[in-house]
């Protein structure tokens with residue numbers, strides 16, 4: 001079934017124009033549209049989270065402590081994270097023509113994320129997340145509509161990429177679409193960040209400004225022609241060979257920590273901060289995230305992140 005890409009002609013002719021009044025996020029914090037413009041090409045999905053004392057082994061059934069259903073997908077998480085930090089965000093993804101897809105659009109509108117969603121007659125992506133008492137997590141994903149996101153849809157999104165300050169891409173979408181987005185950014189001279197999560201099954205050679213793997217994903221992008229920023233969890237991050245210390249945090253749930261980091265890193269770069277300061281900004285967002293259960297509640301607003309940074313500087 002062919003996807004239907006919906007982009008208004010007005011948007012195609014004049015992306016990113018005009019000023020809009022501030023909106024309210026779900027947390028009720030107003031933001032003002034900023035100069036920083038971030039384009040995001042990635043995933044949306046529904047997260048089905050099970051909290052357990054430990055993950056079951058093969059053939060084992062365990063009784064969980066809690067269950068919840070959340071909005072998710074690395075692309076959506078990072079797009080919302082960027083918007084909460086004050087950036088103007090445009091997001092390309094694929095969702096099903098179903099109740100989950102409709103709920104996603106309502107969410108993005110509430111968060112101030114501009115969307116050009118692709119609709120497919122398949123289920124919206126869903127993920128099963130097991131969170132252990134230690135805070136570690138295990139995730140399984142069924143891509144659904146995202147499997148139909150094609151390079152042609154990314155090419156239709158080119159006006160948004162070409163006028164962005166930074167492009168942010170993840171790998172929960174088909175690889176061909178992700179690579180096409182990076183190519184478009186490179187052709188337009190737009191710095192692009194590839195968050196290679198989940199890690200591809202074999203190493204890939206990409207050309208972009210930055211790759212942001214965790215330690216387990218680093219080998220898959222070892223051949224990338226890009227500046228590497230490795231996220232190290234409770235040990236912070238590493239910019240090339242330069243370590244960046246973590247911010248003190250008591251981990252409750254590490255789900256989404258990478259998304260918080262990448263959103264903050266992208267916004268900082270889009271605002272013109274230097275690389276080291278941008279990585280530090282990302283580490284602060286990751287620390288804020290892990291102290292809260294759930295991804296959306298853990299994505300900080302600009303005021304919340306500035307408070308962390310001010311406390312450390314004091």
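The values are calculated or read from the model by the stated rules, or taken from the named source; none is laboratory data. Just so you know, these numbers come straight off a predicted model, no measurement behind them. Here the Cβ positions follow ideal geometry from the backbone for every residue, glycine too, while neighbour counts run over all protein chains shown.
Based on what the data block shows, is residue 245 more than 26 Å from residue 107 (Cβ to Cβ), in contact with a helix residue (DSSP H, G or I) (Cβ under 9 Å, 6 or more places away or on another chain) and at pLDDT 90 or above?
Yes: the conditions hold for residue 245.
Can you list the helices (runs of 4 or more DSSP H) lying wholly within region 272-314 that have 2 or more residues being under 15 Å from residue 255 (Cα atoms)?
In region 272-314, the matching helices (runs of 4 or more DSSP H) lie at 275-290, 295-298.
Out of 251, 260, which single residue is in contact with a helix residue (DSSP H, G or I) (Cβ under 6 Å, 6 or more places away or on another chain), touching a residue at least 24 places away in the same chain (Cβ under 8 Å) and outside any loop (DSSP other than H, G, I, E, B)?
Only one candidate passes the filter, namely 260.
Hey, can you tell me all the residues within region 147-169 that are buried (at least 18 other Cβ atoms within 10 Å of the Cβ) and over 12 Å from residue 92 (Cβ atoms)?
Matches in region 147-169: 148, 165, 166.
When the residues of region 219-231 are filtered to those that are surrounded by fewer than 17 Cβ atoms within 10 Å (Cβ to Cβ) and either in contact with a strand residue (DSSP E or B) (Cβ under 6 Å, 6 or more places away or on another chain) or in contact (Cβ under 8 Å) with a residue 40 or more places away in the chain (or both), which remaining residue is farthest from residue 291 (Cα to Cα)?
So the residue we want is 225.
Is region 169-178 home to any residue that is farther than 24 Å from residue 295 by Cβ and either modelled with pLDDT under 95 or in contact with a helix residue (DSSP H, G or I) (Cβ under 9 Å, 6 or more places away or on another chain) (or both)?
Within region 169-178, one or more residues are farther than 24 Å from residue 295 by Cβ and either modelled with pLDDT under 95 or in contact with a helix residue (DSSP H, G or I) (Cβ under 9 Å, 6 or more places away or on another chain) (or both).
Give just the number: which of (1) surrounded by 12 or more Cβ atoms within 10 Å (Cβ to Cβ); (2) under 18 Å from residue 295 (Cβ atoms); (3) at pLDDT 90 or above does residue 62 not satisfy?
Among (1) surrounded by 12 or more Cβ atoms within 10 Å (Cβ to Cβ); (2) under 18 Å from residue 295 (Cβ atoms); (3) at pLDDT 90 or above, the lone unmet condition for residue 62 is (2).
Which one is surrounded by the fewest Cβ atoms within 10 Å (Cβ to Cβ) among residues in region 232-262 that are farther than 18 Å from residue 81 by Cβ and touching a strand residue (DSSP E or B) at 6+ places or on another chain (Cβ under 7 Å)?
Of everything passing the filter in region 232-262, 240 is surrounded by the fewest Cβ atoms within 10 Å (Cβ to Cβ).
Might you check whether a residue that is touching a strand residue (DSSP E or B) at 6+ places or on another chain (Cβ under 8 Å), within 30 Å of residue 303 (Cα to Cα) and part of a strand (DSSP E or B) occurs anywhere in region 79-88?
Yes, region 79-88 contains at least one residue that is touching a strand residue (DSSP E or B) at 6+ places or on another chain (Cβ under 8 Å), within 30 Å of residue 303 (Cα to Cα) and part of a strand (DSSP E or B).
From the set of residues in region 93-111 that are surrounded by fewer than 21 Cβ atoms within 10 Å (Cβ to Cβ) and out of contact with any strand residue (DSSP E or B) (no Cβ under 6 Å at 6 or more places or on another chain), which is farthest from residue 173 (Cα to Cα)? Steps first, please.
To start, the set of residues in region 93-111 that are surrounded by fewer than 21 Cβ atoms within 10 Å (Cβ to Cβ) comprises 97-100, 102-103, 105-107, 109-110.
Still in the list and also out of contact with any strand residue (DSSP E or B) (no Cβ under 6 Å at 6 or more places or on another chain): 98-99, 102-103, 105-106, 109-110.
Working: 98: 19, 99: 21, 102: 20, 103: 20, 105: 18, 106: 22, 109: 22, 110: 24 Å.
Among those that are surrounded by fewer than 21 Cβ atoms within 10 Å (Cβ to Cβ) and out of contact with any strand residue (DSSP E or B) (no Cβ under 6 Å at 6 or more places or on another chain), it is 110.
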